[in-house]
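Here is the structure we will look at.
The values are calculated or read from the model by the stated rules, or taken from the named source; none is laboratory data. If you're wondering where the values come from, they're calculated on a predicted model, not measured in any experiment. For neighbour counting, all protein chains shown are included, and Cβ atoms are generated from backbone atoms with ideal geometry for every residue, glycine included.
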Amino acid sequence: MKHFQKFAHYLPAYREEFGRLSVKSLLEIGVRDGGSLQYWRRQYPDAEVTGIDVDPLCSQHEEEHIRVFIGDQTDRKFLSKVAADRGPFDVIVDDGGHRPKQQRVSFETLWPHLRSPGCYCVEDLNMGYWVSYGGLRAFSGGFMQYAHRLTHLLNGYWHRLHPSSFWRRTPPMTHELVKVTFWDSMVFVHKGEHQPPFIVASEKEL
């Protein structure tokens, strides 16, 4: 297997967050030396694996059931073209440039191409706290802050139920957002069918 390097807690995080999914198609942004593509092929031998990277040399990591596309993850047209060719995806992992704009653009462009149920993972969010990657913008404009806003969309059904809410209707994404999970340096956004909340039992029935 080619060189594969991740933080130790990433592997159990993958297993827990992706474990209930039937993974037939996976996209990873950030190919580097191709080790992670091999890891996904080993974890999901029946899956088609797609990689995206800006480095043309990453094309050499293509093989049977693995395709690599060369392009910028902030290029919405490029991402949409890849998704049209290889999607929809059961799992998307962003291990690309690690800068907030790259992460946001990729998420917003690729989310519609994620199957339901499916999971979108953004990793190495620790870099959002480093000066060389934007520094303290992690607290205002970084993807960690962006992901925290997703939790408000997760609770979107409740916004319009309260008379003081500025929401007049349920945010569209609420209908397909079922869980947002935070790990050290990682966030997993789960897509599925999110029905409006309802009560299934009263206290007397318990």
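A few notes on this one:
- Positions within region 84-108 being free of Cβ contacts under 8 Å to residues at least 40 places away in the same chain, part of a helix (DSSP H, G or I) and more than 11 Å from the chain's Cα centre (by Cα), in sequence order: 84, 85, 101, 102, 105
- Here residue 78 does not qualify as farther than 24 Å from residue 185 by Cα and in a strand (DSSP E or B).
For (1) of a type in the set (Lys, Arg); (2) under 15 Å from the mean Cα position of the chain (by Cα); (3) under 21 Å from residue 107 (Cβ atoms), each residue gets a yes or a no:
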position	(1), (2), (3)
9	no, no, no
18	no, yes, yes
22	no, no, no
29	no, yes, yes
32	yes, no, yes
38	no, no, no
41	yes, no, no
53	no, no, yes
59	no, no, no
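- Subset tally (residues that are outside any loop (DSSP other than H, G, I, E, B) and among the β-branched types (Val, Ile, Thr)) for region 1-31: 1
- Residues of region 151-184 that are under 30 Å from residue 13 (Cβ atoms), at pLDDT below 90 and aromatic (Phe, Trp, Tyr): 157, 158.
- Scanning region 19-46 for residues that are within 23 Å of residue 62 (Cβ to Cβ) and among the hydrophobic types (A, V, I, L, M, F, W, C), we see that the one that is surrounded by the fewest Cβ atoms within 10 Å (Cβ to Cβ) is 23.
- For region 44-72, the tally of residues that are part of a strand (DSSP E or B) and polar (S, T, N, Q) stands at 1.
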